[in-house]
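Novice: The structure that follows is given in the form of structure tokens.
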Amino acid sequence: MFKYMMEFFKEPPATEVLADENEIKNTYKKWRLRIFYSCFIGYTVFYLCKKNIAVALPGLSTEFGYSNTQLGILGSSLYLTYGIGKFINGVFADSSDVRKFLPTALVMSAIANICFALSAIFITPGHTTFFGLPSGTVLLWLFVFFWGANGWFQSAGFPAVAKSLTYWFSNSERGTKWSLWSCSHQVGTFLSVIVSGFLVAHFGWRMAFFIPAIVAILVGIWLFNHLFDRPQAMGLPCVEKFREEPTLEKCEDEIEEHDTRTYGQIFKEHILYNKTLWLLAIAYIFVYIIRFGVEDWVIKYLSEAKHNSLELAAMKLSALPLFGIAGTIGAGVISDKVFKGRRSPVNIIYLVGVAVCLILLKFNTVSNLDFAIIGLIGAFTYGPQMMIGGLCAVESSSKKVASAATGFTGSFGYLGAVLSATGTGFFTDKFGWDGAVWFWLLSTLICIAVCITLFFYEMQQERKAA
């Protein structure tokens, strides 16, 4: 079965480059736009089947009586499988056809959502038992299984997009294009909360899984018609040659017949032995500690430490993704236009901004200023999140392992997500909310130190290459 699956997803071979320059130009213009908006829409819909759980949790708690600890186990199942799957699926995506890989992952995520909701129809807590276990416990573990499966298929989305953007956009423009695409995270989160909230309020929590799943299946079919793999499989030269840009790595169409290295050899060179990628992965741990620390805990922090109502605290948190969109786009544009493709200086500047905002958040006593401070934390956090684990990762490796590179850093990022949850809870219990803020601030300072080290290391490598 695995053999047939590999054959189905097999990457299409490169074909002979077209001779007509006008045809090359027109084909590139058409497909670059098509690839971009398809990746944006596709990844936005992934979030409809991922963030819906947050809106459904109160309904699950009310109907089945699950505790916060049980609901926490359910929610963390996605993080666990996502973190592992992002790397494994990244390796798989490198040699797979994006046109088939991405839509299949989206459709399978939709099926996992449907199975999740159907579980509560076939098993009713309090009525029957299985193998001596209460049916409520069996149902909980079925929820965990299907939500974990959803995390696995969700993890296949980003590597496929990373491969697509890497092949279709060159280094000098990739920061801008990647940052624009990365806004699909915030758009997807916003739409998921709005749509799922409406469905839960009017039709019950199950509809928050059924309806997004149907949308995802339809979009998956649409993506199969709108996506394509590499430009070389279409008879186009590599994007760097098309845009007449110098690159340290030879174009794929130049090495297709002469490169005798196996994927494993390329993987070792550009992933396992790549010091830059390891530094990025370490930095990404701390980026995710900051990101999930603020996203998951700031409402509780504001309500308990600053005595805000839950409604006011939620309103303040809403500034985070809105400012985050501006910060994400700004990071890509600044790195392209101001720093000429250098990403490290922007990461350092943004992280310094995070540190300043965390200090302001702790000492600020004017309630309305919290809106701006939390919004700026979002802007300064989402920039490094987009670049360190995504853009910087693919640019520090080879196109041949672009998906594996983002999967590698992504796995470290979700290790940071776990550390964020446990660390924030521990420091809050031990030292109060001041302990949580200092934990986030210390993580920011460590991340800055790693990024500064990375900056000097990259400068040294450039001097050697020159």
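Values quoted throughout were computed directly from the atomic coordinates according to the rules given, and no laboratory measurement underlies them. It should be emphasised that the depicted structure is a prediction, and the values quoted were computed from it without experimental measurement. For neighbour counting, all protein chains shown are included, and Cβ atoms are generated from backbone atoms with ideal geometry for every residue, glycine included.
Novice: Determine the shape class of the range 40-82: with a ≥ b ≥ c the square roots of the Cα gyration tensor eigenvalues, call it rounded for a/c under 1.5, and otherwise prolate if a/b is greater than b/c, oblate otherwise.
Specialist: oblate
Novice: May I pose another question? Mind giving me the nanometre distance, one decimal, between the label points for W141 and L118, set 7 Å out from Cα along Cα→Cβ?
Specialist: 2.1
Novice: State, in angstrom, two size descriptors of the range 140-208 derived from its alpha carbons: Rg to one decimal place and Dmax to the nearest whole number.
Specialist: Rg, Dmax (Cα atoms, Å): 16.6, 49.
Novice: Taking every Cα atom in the range 361-416, find the radius of gyration and the maximum pairwise distance Dmax, and write them in Å.
Specialist: 16.2, 51
Novice: Hey, could you pull the Cα Rg and Dmax for the range 264-360, both in Å?
Specialist: 17.5, 57
Novice: Then there is this: Please give the Cα centre distance for the range 424-466 versus the range 277-328, rounded to the nearest Å.
Specialist: Each part reduced to its Cα centre gives a spacing of 16 Å.
Novice: When Lys and Arg each count +1 and Asp and Glu each count -1, what net charge do the other residues less than 13 Å away from N150, Cβ to Cβ, add up to?
Specialist: Here the count lands on +2.
Novice: A follow-up question, please. Taking each full run of DSSP H in the chain as one helix, which ones are at least 15 Å long along their axis (Cα atoms) and have mean Kyte-Doolittle hydropathy of at least 0.5?
Specialist: Membrane-span-like by this criterion, though nothing is claimed about a membrane: 52-64, 68-94, 98-122, 135-154, 207-226, 275-305, 319-337, 344-363, 369-386, 402-431, 433-465.
Novice: When you count, for each residue, the other Cβ atoms within 10 Å and take the mean per peptide, how do 452-461, 203-212, 82-91, 236-245 rank with the highest first?
Specialist: Sorting 452-461, 203-212, 82-91, 236-245 by mean packing, highest first, produces 82-91, 203-212, 236-245, 452-461.
Novice: Shifting gears a bit: Calculate the translational D of the chain in whole µm² s⁻¹ from Stokes-Einstein, where the hydrodynamic radius comes from the Kirkwood formula applied to all Cα pairs, the temperature is 37 °C and the viscosity 0.692 mPa s.
Specialist: Rounded to a whole number, D works out at 142 µm²/s.
Novice: Shifting gears a bit: Report the paramagnetic label zone for L18: residues of the range 94-108 whose backbone N is under 11 Å from a point 7 Å from Cα along the Cα-to-Cβ axis.
Specialist: none
Novice: Right, here's the next one. For the cross-link pairs K3/K30; K275/K337; K51/K268; K316/K362; K10/K50, which exceed 23 Å when the distance is taken from alpha carbon to alpha carbon?
Specialist: K3/K30; K275/K337; K51/K268; K10/K50
Novice: According to the square roots a ≥ b ≥ c of the eigenvalues of the Cα gyration tensor, what is the shape class of the range 157-196, taking rounded for a/c under 1.5, prolate for a/b larger than b/c otherwise, and oblate for the remainder?
Specialist: In terms of gyration-tensor shape, oblate.
Novice: Is the shape of the range 175-223 best called rounded, prolate or oblate, per the rule: a/c under 1.5 gives rounded, else a/b larger than b/c gives prolate, else oblate, with a ≥ b ≥ c the square roots of the Cα gyration tensor eigenvalues?
Specialist: Verdict is oblate for the range 175-223.
Novice: With a sphere of radius 11 Å drawn around the Cβ of A120, what net charge do the other residues whose Cβ falls strictly inside it have (Lys, Arg +1; Asp, Glu -1)?
Specialist: 0
Novice: Rounded to the nearest 500, what is the 222 nm mean residue ellipticity of the chain from helices alone, with -39500 (n - 2.57) per DSSP H run of 4+ residues and division by all residues?
Specialist: -26500 deg cm²/dmol
Novice: Moving on to the next point. Using the Kirkwood formula over every pair of different C-alpha atoms, what hydrodynamic radius in Å results for the range 1-76?
Specialist: Computed over the range 1-76, the radius equals 17.5 Å.
Novice: Could you give the nm distance between label points at E244 and Y37, where each point is 7 Å from its Cα heading toward the beta carbon?
Specialist: The two pseudo-label positions are separated by 2.9 nm.
Novice: Would you kindly calculate the mean projected area, averaged across all directions, of the convex hull enclosing the Cα atoms of the range 1-129, in square nanometres?
Specialist: For the Cα atoms of the range 1-129, the hull's average projected area reads 11.4 nm².
Novice: Sticking with this one: Report the extension gain between F363 and V187 in nm, rounded to one decimal, defined as 0.36 nm multiplied by the number of residues separating them, less their alpha carbon distance.
Specialist: Stretched fully, the F363-V187 segment lengthens by 60.2 nm.
Novice: Treat each spin label as a single point 7 Å out from the Cα along the C-beta direction, and report the S303 to K30 distance in nm.
Specialist: 5.4
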